[in-house]
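Report on the structure given below.
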Amino acid sequence: MRRNRTPSSLVVLLLVAGTCMAGDDKAVAPMAPHEFQVPAEQQVLGALQRIQARHEDTLPDLGRLFNLGYEEITRANPGVDPWLPGDGAELVLPTLFVLPEAPRDGLVLNMAGMRLYYFTAPDDNGIRKIFTHPIGIGRVGWSTPLGTTRITARAKDPSWYVPESIREEHAKEGDPLPPVVPPGPDNPLGRHVLRLALPSYLIHGTNKPWGVGMRVSHGCIRLYPEDIEALYSMVPTGAPVHIIDQPYLAGWHDGRLMFTAYKPLEENGGDWLAALELLDQRFREAPEGASTAAIDWGRVARITRESMGVAFPVQEDAPGHRQWLASAPLVRVEPVANYRAQEVESGK
């Protein structure tokens, strides 16, 4: 796999690209797709976006810049070479997020979507902040247990006390590990850890950011270094953590019923009938002023079959697939938030 170019060179390239595109009236500044301030009952966050790739870009680097994981940005752009998307190629940024069905307090981790949400309490006006980030999850055979748990401790620059099962696995592969890995660049936990009440399971950073958005861990949840640092400063000990697996999500957005399908995890599969029931329930809960057009079940079937992880409208009066994707604003390729720009530029 091509990972030769460092993140610091990417930032230089992106800043140049943003300057070059600034004269194009069609290109607008990107939104910051990790923090939202919305009414407490809102079901969908963000907006779909598009970018034009430069000849040096890779999908993993662009994904990190726009707060997307590997699976998210590659599945939203089927047929595109992740390492050579091509100069001028138009890419979809799946930054319109349908919220999963889960309690809106503390952390919600959706395994199928490989995405984390942190819900703050609503203020006196019913407005809450929601933070969302891509995550890497356990590979097949090392799945993270589903259910509700809580944060029991937080640690900065942690040592990794390697579980015996992982040491045995590495020894068989000719890559022995010590009982304890001290803090530093070789520590796979990165610089920040949130410990769960589930024994041996953690939410942590990583020394291999390219693995975020993939199934590569032994069951722990890993985030980009800049994302876990931001969460570490906000999430208190004792915060609830809801670990769910929902490949199909539905919600109302600007008067349209939206549907997202992620590729179901191998071990759990996808409950197609549950997806139909969810859509039907959401349709009957239409907010005032929303479209009353019937659900186009053919579209729903296509979205489920393709599992792009993109939120599409599914009513009969909605734009078609191509028209919907083409309607997304074309944004300049530039860092979308200061902490992301600083972290990517530093090459961490």
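The values are calculated or read from the model by the stated rules, or taken from the named source; none is laboratory data. On a predicted model such as this, the values are computed, not experimentally measured, just so you know. Using ideal geometry, Cβ is built from the backbone for each residue, glycine included, and neighbour counts are taken over all protein chains shown.
Exactly one residue out of 149, 144 is polar (S, T, N, Q) and at pLDDT 95 or above: that is 149. Answer yes if at least one residue in region 159-178 is surrounded by fewer than 19 Cβ atoms within 10 Å (Cβ to Cβ), modelled with pLDDT of 85 or more and in contact with a strand residue (DSSP E or B) (Cβ under 6 Å, 6 or more places away or on another chain), and no otherwise. No, region 159-178 contains no residue that is surrounded by fewer than 19 Cβ atoms within 10 Å (Cβ to Cβ), modelled with pLDDT of 85 or more and in contact with a strand residue (DSSP E or B) (Cβ under 6 Å, 6 or more places away or on another chain).
Residues in region 193-208 that are under 19 Å from the mean Cα position of the chain (by Cα) and at pLDDT 90 or above: 193, 194, 202, 203, 204, 205, 206. Number of residues in region 298-331 that are within 30 Å of residue 206 (Cβ to Cβ) and either among the acidic types (Asp, Glu) or at pLDDT below 80 (or both) equals 1.
This table checks each residue for (1) buried (at least 16 other Cβ atoms within 10 Å of the Cβ); (2) part of a helix (DSSP H, G or I); (3) in contact (Cβ under 8 Å) with a residue 12 or more places away in the chain; (4) in the same structural domain as residue 112 (by TED's automatic domain parsing).
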{"residue": "265", "(1), (2), (3), (4)": "yes, no, yes, no"}
{"residue": "280", "(1), (2), (3), (4)": "no, yes, yes, no"}
{"residue": "283", "(1), (2), (3), (4)": "yes, yes, yes, no"}
{"residue": "289", "(1), (2), (3), (4)": "no, no, yes, no"}
{"residue": "310", "(1), (2), (3), (4)": "yes, no, yes, no"}
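Among the residues of region 170-182, none qualifies, meaning not one is in a strand (DSSP E or B), touching a helix residue (DSSP H, G or I) at 6+ places or on another chain (Cβ under 9 Å) and not β-branched (Val, Ile, Thr). Of all residues in region 294-308, which are touching an Asp or Glu at 6+ places or on another chain (Cβ under 8 Å) and surrounded by 15 or more Cβ atoms within 10 Å (Cβ to Cβ)? The answer is 295, 296.
Quick one: is residue 190 crowded, with 18+ Cβ neighbours inside 10 Å, closer than 27 Å to residue 309 by Cα and modelled with pLDDT under 95? For residue 190, the condition - crowded, with 18+ Cβ neighbours inside 10 Å, closer than 27 Å to residue 309 by Cα and modelled with pLDDT under 95 - is not met. Of all residue pairs spaced 6 or more apart or on separate chains, those with beta-carbon atoms under 8 Å, a first member in region 87-98 that is free of Cβ contacts under 8 Å to residues at least 40 places away in the same chain and a second member that is outside any loop (DSSP other than H, G, I, E, B) are 88/52; 89/52.
Does residue 122 count as modelled with pLDDT of 80 or more, more than 21 Å from the chain's Cα centre (by Cα) and surrounded by fewer than 16 Cβ atoms within 10 Å (Cβ to Cβ)? Yes: the conditions hold for residue 122.
The set of residues in region 312-323 that are surrounded by fewer than 19 Cβ atoms within 10 Å (Cβ to Cβ) and within 22 Å of the chain's Cα centre (by Cα) contains only 321. In the set (1) without any contact (Cβ under 8 Å) to a residue 40 or more places away in the chain; (2) within 19 Å of residue 331 (Cβ to Cβ); (3) out of contact with any His (no Cβ under 7 Å at 6 or more places or on another chain); (4) not aliphatic (A, V, I, L, M), residue 81 fails one condition alone, (2). The residues on offer are 76, 47, and the sole one that is closer than 22 Å to residue 245 by Cβ, surrounded by fewer than 22 Cβ atoms within 10 Å (Cβ to Cβ) and touching a strand residue (DSSP E or B) at 6+ places or on another chain (Cβ under 6 Å) is 76.
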